[in-house]
Every structure is written in C-alpha cells, then in structure tokens.
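Right, one structure below, let's go through it.
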C-alpha cells in the first residue's frame, strides 16, 4: 500500500487523533497502534537519503536510513508502544499526546539526514518533553519543568549557533562525522552533550524526571539522552574527549544515586551513569565500541523504562516517593517487585540479562584498544551500578523494613507493559543473537565465555556483599544533594540580593545627588525663563528689533570672515 | 496480626539461612576459578579472586566516597523551598 512514509508522521498523526477522539477506548487503541504503524514504516526505510525537501534554498534530507538510525528508531517506537500500554489508563490526555509527539521528535531525529532537520525535531522533543514534565501537575513539577525548558532551549540555541557556523564555514548541513576542532563544531558538541546530561549541566535530568507523573517519567527516561547518544555516534565518533566526559558521568551517577532518598531520583541518576558508559564508547569510537554504544542504548531504554515503571507503580499505589517512607512492599506487590528486580539485574549487567550482553561490548572495546585505566574504571563502575541501582533500588523499595503499607499490585495494563519489558531484558540476555545483527557493524563477539561470566559474577556478588555489610553507612537521610544547578537556584538569587544590599547606599546617594542637580537646573531655568526672568518676560517691540539687528550683524560678519 | 505481617521471608531463621546460602555462593564463585580460568586482559585481572576483591573494594571506596561527598553536598529536603 504505502511504500514510504516518514515514520515520525505516524506518531504525529497518532497524537492528533489522540487529541481529537473523545472515546477513551478508541484513544487507548490509537496511542498503542500508532507506534506500531511507525515501527512498520521504520523498517521500510532503506539505507541512504529517501526523502528530500528544501527550506530557504537549503537542501534538506528529511529521511535518511541507515542501520544505526533504524536501530534507535526501532527502540523508540517499541518504547512508545509499551509506554502507551503502561500509561493509557492513568495518564492525562495531554500527557499521552505530548508523549507521542516527544517520541515523534526522537524518531525524526533518528532519520534526520541534515542538521537543520535534526534541529527541528530536537526542539520538538524539548518542547513536548517539557509538557510531559508539567503533566506531573504539582508545583514542584511546574518549577522543575521551567528549569528543564530553559536548559533545553539554551542547549538548542547553542546547537543552532554551531549549525549556522558550520554552514557558513563548510557550506554543508549534511550529517557526517565531524571533529571538535573549531568554534562551530564545539558548539554542536556542547549542544548535544547538554541533552546527554553531560557535566556540568546534568542536573536538569535528576531535577525534572522524578517530578513528572508516574507514567510520564517512563517516557522521559527513554528519548532525550538516547537521541543525544545517536547524534554523538553520527557526528562525533571517536572524539577522544568523550571518554573522559563519559567516565565522569558514570561516577557522578553512582555517587549521587548513593546519596539519594527519592526513589525515582535514584533511577534518574543512574540514567546519567548508564549514558556515561555509552558516551565512553562513542569516545573510543572503534566498530566494537559503536556497536556497544548502540546495543547498550537499546537495552538501556528497555530496562530503565522497566525500572521507572516499577517505581511509578509504587509511587502511584502508595503516594510516597521516598525510600524512607516505603519498604516491605514485596508482600503485596510481587509482580512489580519481580519486574523491578529483573530491571535492576539488567542495569547491573548480570549474566543472562540484556545489560550483560550489551555493556560488556563496551568493555571489550576498551580491551581491544588497550585502554587499561578505562577498562578498570568501567569494571569498578559496573560494581557501583549493582550497588546504587541493582540492589539499592529493590532493597529499599520492596524489602528493607516493613513500612506497614499494603498497596495493591499494578493494574493489568501496567503489568502487561512491565512483564513484556522484563521478558525483553531476559530475551536479549539469553539470545543476544537477536540484537547483534541489527547493530551498525558486524559483530564477532561472544559474551558467554565461562571465564568472563565468572569474573562478572565475582565482581557483582561481592559488590552485593559490600552493600549488605555497609548497610549501616547507607542509611537514607531526609536530604537532597547540591548540584551545579545550585548556581542558578540559590547562587543567582543570593547574588542579586547581595548586590542589591551593598549596592543600595551608593545608588541612593547618587540618586540624591542627581536629584539635587536636577533641582538646581530647574531653579535656574525658572529664574531665567520664568515670566519675570530675562528670557521669559515680555520686551518692547523696539528692543526686540534691536536684538534681531544685532544678531544679524554678528551672523553677516561671521559669514564674511569664514 | 495478619499473615503478611510475619512473612516467612522476614523471620530471623530465614534471614540466617539467606546469609549462609549467600556466603556459600560467594565462596563458590571464587573457588570455581580453580576450575575455570579467568582470562586476564591486563595481567592482574587473571589473579585468583581478583574480580571478587576488585568488586568489593570498589564498592567500599564508593560508599565511603559518597559519604564524604555527602558531608559537603547534603542539605535538608526543603533547602530550595525556603
């Protein structure tokens, strides 16, 4: 029937229908089926540019296919459909519409053949993800949404400056591997890194995602950071600075997650941590590394959404969002608990889960390049992931102490979504051969070598031992942790107040002096121009004529001289 | 007291058994290295029990590192609200 439709259009159409249809059942059908139609068209896109356009004389490549693009778009569509199953019965209509448009933006970025198209879809994502944050409906969500929007609009401007600069210097908008070597390319890199939650601007993620609704944070966890990874793969493969940035993100995520008490904020920090692994891989830049980044992004979207679903059900059913308020929920929420545990094992790259078959590709890439330090830091970080997410999340939420809460388990549609993603986590872990052929480069890698499995089992299980032995030091506290956003959330207002305080006396004094000057001036004007003053009072006509003659003589004389 | 308040998983005897099983599994993963050689990429990582020691020590370091960072960065929950 249709051979080619820009895949993002399926989701945009779905969003419009969702906004218009009043029947709940029909709407549910649309939000679930539209991503599946999108998925169909994703797989119809052949390699190379398939749809061109023009804007202000610039050639646009609206849809360009390629293995890595298809891979990312595929997982975005799967995520969108499964998220819809999870959300349709509980999310507000606005949230469902915004989530579909957000996913459309992500799919659009995946197939963007030029930087202008990429930028447009990039901004669509920023816009509608902000709406998803706002659908949290609380004052905290509103404020965090505003900060989130400012950050992403700023990132968009930086990206746009870079794109314009690149157009001026090279005359081409084509998406191709660049090197961060001049102002424009640096701006593009920084613009993308802001969306990847790279330092120093990573706080927007942990700030905004946990304030969204229990369903909204599932969508948020998937798209923004992973499109940034795709953009890095397409534009900056092998950019060595990314290795350092990625390692920083990995450990930033671990430390902040260890300090955190909010259930979903722990998961938000672990997004930064996991995206850090991918950024390192893009920085290494070899074929194995790019395969690792792509595979890990694919697996990550699934298990991270699964974790956010599990946490979302807990937040929805208990109305609580802090580790200190929950605990012992395994009694009445077995499905949510088991799905959470499977997600937690997958994120920890436990053997037989998707994390193991994808993350070890990245470690392998570090080995192949002889990057000793990177390899050992990644191994330590894998242990840290088990510590901060793999055990911490399920332990504090479902076990720990008996909070006395006996909430119901997840509703049926949420169970289906969670069980499906839990199934995928294990499927990709047991049969990585299903995922490997979809990767951008040919894979010659076997994760299940006995020695490697044993090494990871030792690493992870002894991290588990460390967790339980150090439990007294891991006690949750009713605190938040400061981040770079302190600068504008606290520092800036304090600075303004400080300047106002010390600036006030001189400003008042200066104003008084100015007022005095103005007073003198008006007094003198009143003196000369007033109706009794020399210029203001009425003169006799003869005197006036005499003055005019005098002035004319001066003028003529001056004219004659010069 | 309802049945779920005294879940079998939370009884002290169960927890003791869990620790015993846990330690046995840990010991097994290390002892298995006598049978299955771990391929070391950089020398040290093929040593006996290296994965176990490395994982454990990394976690100890990270927990105490986080504790230290927490001293500097932790603030009351309502820090930004007031």
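The values are calculated or read from the model by the stated rules, or taken from the named source; none is laboratory data. In this text the structure is predicted, and so the values were computed from the model without any measurement. Don't worry about glycine lacking a Cβ; one is built from the backbone with ideal geometry, like all the others, and counts go over all protein chains shown.
Numbers for the structure displayed
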{"read-out": "Criterion violated by residue A:534 - all others in (1) free of Cβ contacts under 8 Å to residues at least 24 places away in the same chain; (2) within 55 Å of the chain's Cα centre (by Cα); (3) over 30 Å from residue B:59 (Cα atoms) satisfied", "value": "(2)"}
{"read-out": "Among (1) under 21 Å from residue A:283 (Cβ atoms); (2) buried (at least 24 other Cβ atoms within 10 Å of the Cβ); (3) at pLDDT below 90, the one test that residue A:390 misses", "value": "(1)"}
{"read-out": "Residue check for residue A:153: in a helix (DSSP H, G or I), out of contact with any helix residue (DSSP H, G or I) (no Cβ under 7 Å at 6 or more places or on another chain) and farther than 27 Å from residue A:421 by Cα", "value": "no"}
{"read-out": "Residue A:457 within 7 Å of chain B (Cβ to nearest Cβ) and touching a residue at least 24 places away in the same chain (Cβ under 8 Å)", "value": "yes"}
{"read-out": "The one condition in (1) crowded, with 22+ Cβ neighbours inside 10 Å; (2) not in a helix (DSSP H, G or I) that residue A:60 fails to fulfil", "value": "(1)"}
{"read-out": "Failed item in (1) surrounded by 13 or more Cβ atoms within 10 Å (Cβ to Cβ); (2) modelled with pLDDT of 85 or more; (3) more than 21 Å from residue A:250 (Cβ to Cβ), with residue B:38 passing the rest", "value": "(2)"}
{"read-out": "Qualifying residue in the stretch A:378-387 (condition: closer than 18 Å to residue A:258 by Cβ, outside any helix (DSSP H, G or I) and more than 9 Å from chain B (Cβ to nearest Cβ))", "value": "no"}
{"read-out": "Total residues in the stretch A:470-505, condition under 18 Å from residue A:254 (Cβ atoms) and part of a helix (DSSP H, G or I)", "value": "3"}
{"read-out": "Qualifying residue in the stretch A:87-100 (condition: in contact with a strand residue (DSSP E or B) (Cβ under 9 Å, 6 or more places away or on another chain) and either in the same structural domain as residue A:161 (by TED's automatic domain parsing) or part of a helix (DSSP H, G or I) (or both))", "value": "no"}
{"read-out": "Qualifying residue in the stretch B:24-47 (condition: assigned to a helix (DSSP H, G or I) and within 26 Å of residue A:478 (Cα to Cα))", "value": "no"}
{"read-out": "Lone qualifier among A:470, A:439 - being more than 7 Å from chain B (Cβ to nearest Cβ) and in contact with a helix residue (DSSP H, G or I) (Cβ under 7 Å, 6 or more places away or on another chain)", "value": "A:439"}
{"read-out": "Residue count for the stretch A:361-387, restricted to those that are modelled with pLDDT under 90 and crowded, with 24+ Cβ neighbours inside 10 Å", "value": "1"}
{"read-out": "Residue satisfying all of: in the stretch A:305-341; outside any helix (DSSP H, G or I) and away from chain B (no Cβ under 14 Å); surrounded by the most Cβ atoms within 10 Å (Cβ to Cβ) among these", "value": "A:326"}
{"read-out": "The lone exception for residue A:475 - which of (1) more than 7 Å from chain B (Cβ to nearest Cβ); (2) under 28 Å from residue B:40 (Cβ atoms); (3) exposed (fewer than 14 other Cβ atoms within 10 Å of the Cβ) it fails", "value": "(2)"}
{"read-out": "Selected residue (criterion: nearest to residue A:475 (Cα to Cα)) from residues of the stretch B:51-74 that are modelled with pLDDT under 90 and more than 7 Å from chain A (Cβ to nearest Cβ)", "value": "B:71"}
{"read-out": "Pair list, Cβ under 7 Å, 6 or more apart: the stretch B:10-36 residue more than 9 Å from chain A (Cβ to nearest Cβ), other residue assigned to a helix (DSSP H, G or I)", "value": "B:14/B:8"}
{"read-out": "Near pairs, Cβ below 8 angstrom, 6+ apart or cross-chain, from the stretch A:421-438 (free of Cβ contacts under 8 Å to residues at least 60 places away in the same chain) to any residue that is part of a loop (DSSP other than H, G, I, E, B)", "value": "A:437/A:443"}
